[in-house]
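The values are calculated or read from the model by the stated rules, or taken from the named source; none is laboratory data. Predicted, not measured: the structure shown is a model, and the values here were computed from it. A quick note on method: Cβ atoms are made from the backbone with ideal geometry, for glycine too, and the neighbour counts reach across all protein chains shown. All accessible areas refer to the heavy atoms of the entire protein, side chains included, with ligands and DNA or RNA removed. Shrake-Rupley method; radii C 1.70, N 1.55, O 1.52, S 1.80 Å.
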Amino acid sequence: MPLWGAALALILAVLALLGPRLLGPWGRAVGERNLPGVQDRDDEEADGGGPADQFSDGSEPLPGGCSLVCKPSALAQCLLRALRRSAALEPGPRSWLSGPHVQTLCHFVLPVVPGPEMAREYLQLADDGLVALDWVVGPCVRGRRITSAGGLPAVLLVIPNAWGRLTRNVLGLCLLALERGYYPVIFHRRGHHGCPLVSPRLQPFGDPSDLKEAVTYIRFRHPASPLFAVSEGSGSALLLSYLGECGSSSYVTGAACISPVLRCREWFETGLPWPYERGFLLHQKITLSRYATALEDTVDTSRLFRSRSLREFEEALFCHTKSFPISWDTYWDRNDPLRDVDEAAVPVLCICSADDPVCGPPDHTLTTELFHSNPYFFLLLSRHGGHCGFLRQEPLPAWSHEVILESFRALTEFFRMEERMKGLSRHRASFLGSRRRGGALQRREVSSSSNLEEIFSWKRSYTR
């Protein structure tokens, strides 16, 4: 196991023994301590309530103590029906996996057995940088079944977290999607997960320029296939930035964010509970240490590797550069994932947990006004699940994976029905228009025959 995995394994053991005393208000499930009006799970399931009682306006209860927070619309009703039919949300027996820290750290530490078979492609960008695309090609034990419209397998673009850690749940989602008839492909940023850093430039937190080129290439390879996108944790900033900047030209049919970090600047400035802060920081330092010499011309590497928090690391890497230094405020003006959110024109399902120990309590970290006002954004809020966990007893996949693929299927059916209704409307309008034109033609013929003499006289007088 690499140093990063060993460090997190040690943190897992410490948290299991001393979590509540070490982390203070973060030590227990956040939903149990910080959210007002949250009941015991058994009481919730008995009365059909959910964890989003404080978001009473525009929220709908779902099985398993979950709630869907959104603006009412026909699309929201379609998604609500699909989620209420989902077996993945049905409550299961409580187990040792229910704890938020166990859910989170199992997701980051434990490997997938067996791992998927992947075919890697390197994509050279306009500035000569490289990103990697890992196409998941197997194994597929159970037979595939086509889920997308027109019988064409859809492409599922998966964006890992911003630290470049390829986690257990990302690989599990890809395997499940492969079985359901998708073409999963994982996007890796510059210098992440074995992708060489060939130029001294890394991708800022919310800069979607590299992702745009990757999507263009994917569309070139599969021009007729629908494209869906899923992001994990801090990687959601990249996906949301892309959807906001591209708007209706994003080529994406639907998207989902698992435990997204929405208030990113506040998240960096407040800091994480120290075990997670130290773990994520250690992983980034190890990843970039191999490129220390290449980065010396643009970054103060001594300051970078001496940083003691994620904010200090981010500032040293992208703000205090030697060539184009910028302020912390300017950096977030350019990289806030919600800066263009009103331009997004794609349905986005955000799956969050009330006991997320990395993002914090939802009443402080979730921009609920976004889900109440924007018809394209939907919040599925669960009482338990940790950060990007949502685990169930083996061998079942994380229930968030099942929900995401079911929601994509519902979106496909909804859009197919919308196109069918539009086609019928156009056909009916064309039919009625032809009838009106035919009637007008007949009326013109009658009127012309009744005034034939007058017209003939006029013509004769004109031609003389």
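Quick notes
- Some residue of the stretch 342-363 being touching a residue at least 12 places away in the same chain (Cβ under 8 Å), under 26 Å from CYS66 (Cβ atoms), open to solvent by 20 Å² or more (accessible area, probe 1.4 Å) and assigned to a helix (DSSP H, G or I): yes
- Condition check for ILE218 on (1) free of Cβ contacts under 8 Å to residues at least 24 places away in the same chain; (2) surrounded by 18 or more Cβ atoms within 10 Å (Cβ to Cβ); (3) not acidic (Asp, Glu): one failure, at (1).
- Restricting attention to the stretch 373-420, the residues that are open to solvent by 20 Å² or more (accessible area, probe 1.4 Å) and among the β-branched types (Val, Ile, Thr) total 0.
- Members of the stretch 227-244 that are within 9 Å of the chain's Cα centre (by Cα) and assigned to a strand (DSSP E or B): ALA229, VAL230, SER231, GLU232
- In the set ARG219, ARG190, only one residue is in a loop (DSSP other than H, G, I, E, B) and among the charged types (D, E, K, R); that residue is ARG190.
- The set of residues from the stretch 242-252 being touching a Leu at 6+ places or on another chain (Cβ under 8 Å) and within 23 Å of CYS388 (Cβ to Cβ) comprises TYR242, GLY244, VAL252.
- Members of the stretch 161-205 that are over 27 Å from VAL109 (Cβ atoms) and touching a helix residue (DSSP H, G or I) at 6+ places or on another chain (Cβ under 6 Å): PRO200, PRO204
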